[in-house]
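A.B. asks: Quick one: the structure is below, and I'll ask about it shortly.
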């Protein structure tokens, strides 16, 4: 995002190899919270720079746009699910924060498939919504989760949580107390980062948990089919100073075991 002198904000895409920026969204509005989806589809939030509420915007690869929202409410932090064109977003109405989901192939399809869950009924703000997903990746479930899953920092519970809107009675999961990162592996298991260890736990059975490492590890999904998970491991003994060790992870075919590969970058 690039702030402009007139209060507007543009959205750009930077090349990892050259650093060149391709401007995807320009103009006089505040354009923020961009999420790139399959085939170049872009979801983001837009509002007037002086006043006004954030609307949800979806831009198709051909440049066509459609929007969703209403006066007096903010639609923030849209995040593609990576499955069936599902799109998550946070909806803020008079301090009430709601999780939303819909199939975003068109405005009509989004409206028809729309689901929401009231998360907190008051006292929430735009800052709260931003902090819930500020450490998330572009795709909500870029690991190997086989159902649309939004993983977020719960704004009142001091723990990571998951919302799986297509899972019926098991759609909401609160993970370990004081957890600060989590990635779903499949419908059953997730990797959860705690201050002193990384654990693999069953999302609906708190007794089914095992420690993967005994040190602080920030787990993240990455876009590699063979190694879809990464954990930063800054406290591994014997690592050289001024280097950053990483652990690449891949679930074994049984969905229970994990294979780890350590990498070191200087």
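A.B. asks: Using Cα pairs under 8 angstrom and six or more residues apart, how large is the relative contact order of region 1-138, in percent? Each step should come with its number before you reach the end.
C.D. replies: On the way: 310 pairs, mean separation 19.6, N = 138.
Computed over region 1-138, the figure is 14 percent.
A.B. asks: Extent of region 164-214 along each principal axis, from alpha carbon coordinates, in Å, largest to smallest?
C.D. replies: Computed over the Cα atoms, the extents are 34, 17, 17 Å.
A.B. asks: I need the shape label for region 1-138. Rule: rounded when a/c is under 1.5, else prolate if a/b > b/c, else oblate, with a, b, c from the alpha carbon gyration tensor.
C.D. replies: Since a/c reaches 1.5 but b/c is at least a/b, the shape of region 1-138 is classed as oblate.
A.B. asks: How do 179-188, 6-15, 92-101 rank on mean C-beta neighbours within 10 Å, highest first?
C.D. replies: On the way: 179-188: 20.8, 6-15: 14.2, 92-101: 18.0.
Result, highest mean first: 179-188, 92-101, 6-15.
A.B. asks: Let me ask another. Which of the peptides 80-86, 70-76 is most tightly packed, and how do the rest follow, judged by the mean count of other Cβ atoms within 10 Å per residue? Display every interim value, and only then the final one.
C.D. replies: Details: 80-86: 20.7, 70-76: 16.3.
Packing proxy ranking, top to bottom: 80-86, 70-76.
FYI, it's all coordinate maths here, none of it is from the lab. Quick caveat: nothing in here was measured; it's all calculated off a predicted structure. We place every Cβ from the backbone using ideal geometry, glycine too, and count neighbours over all the protein chains shown.
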